[in-house]
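Enquirer: A single structure is presented below for examination.
The values are calculated or read from the model by the stated rules, or taken from the named source; none is laboratory data. The model shown is predicted, which means the values in this text are computed figures rather than measured ones. Quick reminder, even Gly has a Cβ in these numbers, built from the backbone with ideal geometry, and neighbours come from all protein chains shown.
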Ligand code: DLL
C-alpha cells in the first residue's frame, strides 16, 4: 500500500516545483532566525533572494556535525524554545552529542514520513509491530512508534534489550513486524535457535531494520534464519531520525521522502556536486522542518541516487543501500578498506557466523589487521578443517582488499553482542 500516493507518486516536475518553493521558504527562515546561517550566507555573499530553487542549492554553505556540536545544545534552533515539544540527541563516537529539537509540526511530519516508510515495507493496520529500537534520546524507538500508531498498527513498545522477553512477547502477542538494528535481529535469531524456538513457527513476516550499515549478504542471512522479509530503513537524527528513506517490496533502493528532505550527492574531497548516478556523499537539505532546519547537511554516508520511477509506482528518488561512510573507511597500509567488504567475505562462508571484530593496530610502524570471527559449533572441534578455513579466509581477504590479514577463529558466542548498534572495528592506532 502507498500511504500518500499523491505525494509519493507525484510527477517529478511537480515535485521539483514543490521543492523549489519550500527551499526558498526555509532559506529565508534560517537567514532571519539562525544567526549562524545568516553569518555563513553573508560570508558567501548570499542573500535569501539569490536562492530561487534546488538548482541554486550548490551555492549554499554546508552544515556538519561539528557545526552542531559547536553550537551545542540549542544554538541552531530556528524557533524559540517555547515552540519546541521534544528533543532527541545522537551520541556520536566522540565529542558532544548533537541535539535535535522538534516543533509540533515537525513531530507531525516525522510520523507522516515514518508511516510512509512502514507502508512501503508492507506494514499495515492489521500488523503487530514490536519496536526493539531503543526508546529515549535515540530517535529509533519513538520515531518508529508514532509512525506505526499513525498507520494504525498495534505497537509493542518493548525498546531494546532483554532478549528472552523479546522472544516471549513475539510468541505470546504474535508480533508480525520486528523493528530493530539488523545486528540485533541476527542476535535474536541466534537466541531463538538456542532456546529451540523455530522462528518459522512465529507470526513474524517483516523486519524493518536500520540505524547501521548492513550488506546484502547479511540481509539474506536474516531473511533465511528468521523466515521474514528484511526491509532497510534509513535516517539520521539531525535530519529527523528514521523515516528519511525506506525500501519498498522490491528491495531495490530506499525511497527518500524528497518533499521534505532534498538530497544531493557530492564528492567528499572536492565538495562539488556529482552528476546523477555517481557514488558519493549524501547531503540533505530539510525543506519543511521548523525546529532545526538544516541546509546541505553532510551525512558522511556514501551512496548513489536513482531517479527512475520504481516498479512500485513511487517517483521518489531511491538511494542505494549505504554500506560505507566517507569517514568509516579504514586506511590500512595505505589501502582503503571498508568493514562491509570484510563482512561480505565472512558471510559468504558457511562455516563462519556473522559475528566478527576487526582490530587494526600498528606494530613497529606497520599497520596490522586482525579479524576475529566466530566459527559454527559444528566445525570448531575439527582442527584440520579450521586450518583450511583460516587459509581460505586469509586468501579471500587478501584478494579482495589487497592486503593481508591475520584471521583468528574463535568459539561461538565469544564476540560481544550488541543490543543497539554493533561496534565491529577497533582501531588502536594513534596517528
Ligand atoms: O540511526 C536513525 C535510525 C533509527 C535510522 C532507526 C533507522 C532506524 P543516528 O543515530 O543519528 O540515527 O545515526 C545516523 O546511522 O548517518 C548512517 O551512517 C547510519 N544509518 C542509519 N540507518 C542506516 C541504514 C539513526 N539503513 C547514521 N543503513 C547514519 C546504513 C544507516 N546506515
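Enquirer: Taking interchain pairs and intrachain pairs at least six residues apart, which have beta carbon atoms under 8 angstrom, with the first residue in segment 174-188 and touching a residue at least 60 places away in the same chain (Cβ under 8 Å) and farther than 24 Å from residue 353 by Cα and the second within 11 Å of the ligand (Cβ to nearest atom) and assigned to a loop (DSSP other than H, G, I, E, B)?
Expert: Hits for this filter: zero, empty list.
Residue by residue, here is whether (1) surrounded by fewer than 20 Cβ atoms within 10 Å (Cβ to Cβ); (2) touching a helix residue (DSSP H, G or I) at 6+ places or on another chain (Cβ under 8 Å) holds:
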site	(1), (2)
2	yes, yes
5	yes, no
11	yes, no
17	yes, no
30	no, yes
34	no, no
39	yes, no
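Enquirer: Listed residues 87, 99; which is within 16 Å of the ligand (Cβ to nearest atom), part of a strand (DSSP E or B), surrounded by fewer than 20 Cβ atoms within 10 Å (Cβ to Cβ) and within 23 Å of the chain's Cα centre (by Cα)?
Expert: Selected residue: 87, the only one of 87, 99 that is within 16 Å of the ligand (Cβ to nearest atom), part of a strand (DSSP E or B), surrounded by fewer than 20 Cβ atoms within 10 Å (Cβ to Cβ) and within 23 Å of the chain's Cα centre (by Cα).
Enquirer: With the requirement that a residue be within 20 Å of the chain's Cα centre (by Cα) and surrounded by fewer than 22 Cβ atoms within 10 Å (Cβ to Cβ), what does segment 282-298 give you?
Expert: 296, the sole residue that qualifies.
Enquirer: Step by step: first the residues of segment 329-343, then only those that are touching a residue at least 60 places away in the same chain (Cβ under 8 Å) and more than 14 Å from residue 425 (Cβ to Cβ), then the one that is surrounded by the most Cβ atoms within 10 Å (Cβ to Cβ). Which residue is that?
Expert: Going through the qualifying residues, I end up with 333.
Enquirer: I've got another one for you. Inspect segment 53-75 for any residue being within 25 Å of residue 137 (Cα to Cα), in a helix (DSSP H, G or I), in contact (Cβ under 8 Å) with a residue 40 or more places away in the chain and away from the ligand (no atom under 16 Å from the Cβ) and give the result as yes or no.
Expert: no
Enquirer: Then there is this: If I ask for residues that are within 14 Å of residue 297 (Cβ to Cβ) and assigned to a helix (DSSP H, G or I), which ones from segment 28-37 would you list? Walk me through how you get there before you give the answer.
Expert: Going residue by residue through segment 28-37, those that are within 14 Å of residue 297 (Cβ to Cβ) are 30, 34, 36-37.
Across segment 28-37, the qualifying residues are 30, 36, 37.
Enquirer: Then there is this: Out of the residues in segment 310-328 that are away from the ligand (no atom under 12 Å from the Cβ) and surrounded by 15 or more Cβ atoms within 10 Å (Cβ to Cβ), which is nearest to residue 354 (Cα to Cα)?
Expert: 318
Enquirer: Can you tell me how many residues in segment 41-66 are modelled with pLDDT under 95 and touching a helix residue (DSSP H, G or I) at 6+ places or on another chain (Cβ under 9 Å)?
Expert: 0
Enquirer: Select, from 287, 363, 335, 262, the only residue that is farther than 28 Å from residue 413 by Cα, touching a helix residue (DSSP H, G or I) at 6+ places or on another chain (Cβ under 9 Å) and at pLDDT below 95.
Expert: 335
Enquirer: When residue 205 is evaluated against the numbered criteria (1) within 13 Å of the ligand (Cβ to nearest atom); (2) surrounded by fewer than 17 Cβ atoms within 10 Å (Cβ to Cβ), which criterion, by number, is the only one it fails?
Expert: (1)
Enquirer: Hey, another quick one. Please enumerate the residues belonging to segment 377-402 that are in a loop (DSSP other than H, G, I, E, B) and either farther than 18 Å from residue 342 by Cα or at pLDDT 85 or above (or both).
Expert: Across segment 377-402, the qualifying residues are 381, 382.
Enquirer: Kindly establish whether residue 405 is in contact with a helix residue (DSSP H, G or I) (Cβ under 6 Å, 6 or more places away or on another chain), farther than 30 Å from residue 166 by Cα and buried (at least 19 other Cβ atoms within 10 Å of the Cβ).
Expert: Judged against the criteria, residue 405 is a match.
Enquirer: Quick test of your reading of the structure: residue 217 fulfils all but one of (1) surrounded by fewer than 24 Cβ atoms within 10 Å (Cβ to Cβ); (2) assigned to a loop (DSSP other than H, G, I, E, B); (3) in contact with a helix residue (DSSP H, G or I) (Cβ under 9 Å, 6 or more places away or on another chain); (4) at pLDDT below 95. Name the failing condition by number.
Expert: In the conditions (1) surrounded by fewer than 24 Cβ atoms within 10 Å (Cβ to Cβ); (2) assigned to a loop (DSSP other than H, G, I, E, B); (3) in contact with a helix residue (DSSP H, G or I) (Cβ under 9 Å, 6 or more places away or on another chain); (4) at pLDDT below 95, residue 217 misses (2) alone.
Enquirer: Here is a further query. Given the conditions (1) farther than 21 Å from residue 312 by Cα; (2) assigned to a loop (DSSP other than H, G, I, E, B); (3) away from the ligand (no atom under 12 Å from the Cβ), report the number of the one that residue 212 does not fulfil.
Expert: With (1) farther than 21 Å from residue 312 by Cα; (2) assigned to a loop (DSSP other than H, G, I, E, B); (3) away from the ligand (no atom under 12 Å from the Cβ) applied to residue 212, the lone miss is (3).
Enquirer: As an exercise: evaluate residue 108 against (1) surrounded by fewer than 24 Cβ atoms within 10 Å (Cβ to Cβ); (2) touching a helix residue (DSSP H, G or I) at 6+ places or on another chain (Cβ under 6 Å) and give the number of the one condition it does not meet.
Expert: If we test residue 108 against (1) surrounded by fewer than 24 Cβ atoms within 10 Å (Cβ to Cβ); (2) touching a helix residue (DSSP H, G or I) at 6+ places or on another chain (Cβ under 6 Å), just (2) comes out false.
Results for (1) in a strand (DSSP E or B); (2) buried (at least 20 other Cβ atoms within 10 Å of the Cβ); (3) at negative phi, shown as yes or no for each residue.
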{"position": "345", "(1), (2), (3)": "no, yes, yes"}
{"position": "350", "(1), (2), (3)": "no, no, yes"}
{"position": "359", "(1), (2), (3)": "yes, no, yes"}
{"position": "368", "(1), (2), (3)": "yes, no, yes"}
{"position": "373", "(1), (2), (3)": "yes, yes, yes"}
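Enquirer: Moving on to the next point. Quick check on this structure: which one of 258, 269, 238, 249 is outside any strand (DSSP E or B) and near the ligand (Cβ under 9 Å from one of its atoms)? Talk me through it step by step, then tell me what you get.
Expert: Numbers: 258 fails: near the ligand (Cβ under 9 Å from one of its atoms); 269 fails: near the ligand (Cβ under 9 Å from one of its atoms); 249 fails: near the ligand (Cβ under 9 Å from one of its atoms).
Step by step, each of 258, 269, 238, 249 is checked, and only 238 is outside any strand (DSSP E or B) and near the ligand (Cβ under 9 Å from one of its atoms).
Enquirer: Considering only segment 50-64, I want to know if a residue exists there that is more than 26 Å from the chain's Cα centre (by Cα) and buried (at least 18 other Cβ atoms within 10 Å of the Cβ).
Expert: Yes, segment 50-64 has at least one match.
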